[in-house]
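Q: Before we start, here is the structure in question, set down as structure tokens.
The values are calculated or read from the model by the stated rules, or taken from the named source; none is laboratory data. Treat the numbers as computed from the prediction; the structure is a model and nothing was measured. All Cβ positions, glycine included, derive from the backbone under ideal geometry; neighbour counts span all protein chains shown. With ligands, DNA and RNA removed, areas are computed over all heavy atoms of the protein, side chains included. Shrake-Rupley method; radii C 1.70, N 1.55, O 1.52, S 1.80 Å.
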Amino acid sequence: MTHEQLVILGSGPAGYTAAIYAGRSGLTPVIYEGLQPGGQLTTTTEVENFPGFDEGIDANELMDRMRKQAERFGADIREAMAVRSDLSKRPFHLWFDDGSEVCCDSLIIATGASAKYLGLSDEEKYRGQGVSACATCDGFFYRGKRVAVVGGGDTACEEAAYLAGLAEKVYMIVRKPFLRASQIMQDRVLQNPKIEVLFEHNTLGLFGDNGVEGAHLVHRKGQPDERIYDLPIDGFFLAIGHKPNSDVVSEWLKTDEQGYILTEGKSPRTSIPGVYAAGDVADPHYRQAVIAAASGAQAAMEAEKFLSQQ
Ligand code: NDP
């Protein structure tokens, strides 16, 4: 088992940015890439809202560049996923799925969050070709088109309202006869003439020869008046919740009831000195690459300060 100064879990914008900052401050950060090297961004196609890329950039290329930038400043990138931790005392101790172990004086958790999907095989088939879990990331590609948002919570309402500013028509596919969202968000979607809420609807599948061209829906599933029909749409947005990837450390750190790691004020400091959380694993609201990157920088600056005081 090796003993490292700083370990970073996760290789999305937060993890790589933390590594870039830590490397430039003279540390030798060790990054464990985790289950999805490059993070959630690699599930989308083009990124048009990351500053500095005026013509947009392919999401995989952006993550590749971040990886190379981290390597340039000395990051040691390892292909493994943490499966167990002991943060009860320093050095912190981590175990990985390849059987390796490491201990470290400081830890940055940048393991992200995973969007929940319905579990339809068509979601996989059309991923990046009409299926998305982020309206802010991909909505722009649906200007003047018809889209559907699945879910009836605050996120779904927010995404539907955002998409209504771009698309010609937005359907909300809601499985219950009511919305779960806060009243203000409900009012916002119900009063928007471009948004039509399809209550008591479930999605059976998607179809299209050239990306998504429509969804097979069922209204009042299992009821005597059940109706199955096809809804023509160009985009299918999931907004049925996210799951923060905090399981491996949640036993030690303060989290909210959904598992998002709680940090001190606007800082990335967790409830344990020397342990920092950056990016979506600590952010239920914004979920943007640029914001995750910024919090990765903050975490590295905090870790550097912490280590210099030890
Ligand atoms: P929620 O858990 O609040 O809502 C998820 C929605 O997805 C529900 O309508 C749920 O339906 C539906 N859903 C879940 N699974 C399925 C499924 N398999 N098939 C169809 N529908 C499904 O998640 P959100 O992401 O909306 O919000 C998470 C938290 O973040 C909430 O506390 C929310 O208030 C907060 N938030 C606040 C915002 C704000 O204040 N501006 C913005 C965004 C989020 P059902 O109701 O039937 O369970």
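Q: Checking the structure you have, find out if any residue of segment 174-194 is assigned to a strand (DSSP E or B) and either free of Cβ contacts under 8 Å to residues at least 40 places away in the same chain or not hydroxyl-bearing (Ser, Thr, Tyr) (or both).
A: The answer is no; no qualifying residue exists.
Q: Let me ask something else. Please tell me if Asp187 is touching a strand residue (DSSP E or B) at 6+ places or on another chain (Cβ under 6 Å) and at negative phi.
A: For Asp187, the condition - touching a strand residue (DSSP E or B) at 6+ places or on another chain (Cβ under 6 Å) and at negative phi - is not met.
Q: Another one. Working carefully through the options Val149, Val174, find the one that is of a type outside the set (S, T, N, Q), closer than 19 Å to Val131 by Cα and near the ligand (Cβ under 7 Å from one of its atoms).
A: Answer to the check: Val174.
Q: Which numbered condition in (1) within 21 Å of the chain's Cα centre (by Cα); (2) open to solvent by 50 Å² or more (accessible area, probe 1.4 Å) is the only one that Val131 fails?
A: It is condition (2) that Val131 fails.
Q: Spot the failing condition for Glu159; the list is (1) more than 7 Å from the ligand (Cβ to nearest atom); (2) open to solvent by less than 20 Å² (accessible area, probe 1.4 Å); (3) assigned to a helix (DSSP H, G or I), and only one is missed.
A: (2)
Q: Looking at segment 205-217, which of its residues are within 16 Å of the ligand (Cβ to nearest atom) and within 25 Å of the chain's Cα centre (by Cα)?
A: Step one: filter segment 205-217 for residues within 16 Å of the ligand (Cβ to nearest atom), giving 205-206, 215-217.
Within segment 205-217, Gly205, Leu206, Ala215 qualify.
Q: Can I ask one more? Tell me, which strands (runs of 3 or more DSSP E) lie completely within segment 1-94 with 3 or more residues that are at pLDDT 95 or above, outside the structural domain of Ser132 (by TED's automatic domain parsing) and not hydroxyl-bearing (Ser, Thr, Tyr)?
A: The qualifying strands (runs of 3 or more DSSP E) are 2-9, 76-78, 82-86.
Q: Give the residue, chosen from Asp64, Asp138, Asp122, Asp98, that is acidic (Asp, Glu), over 26 Å from Arg24 (Cα atoms) and without any contact (Cβ under 8 Å) to a residue 60 or more places away in the chain.
A: On the way: Asp64 fails: over 26 Å from Arg24 (Cα atoms); Asp138 fails: without any contact (Cβ under 8 Å) to a residue 60 or more places away in the chain; Asp122 fails: without any contact (Cβ under 8 Å) to a residue 60 or more places away in the chain.
On inspection, the qualifying residue turns out to be Asp98.
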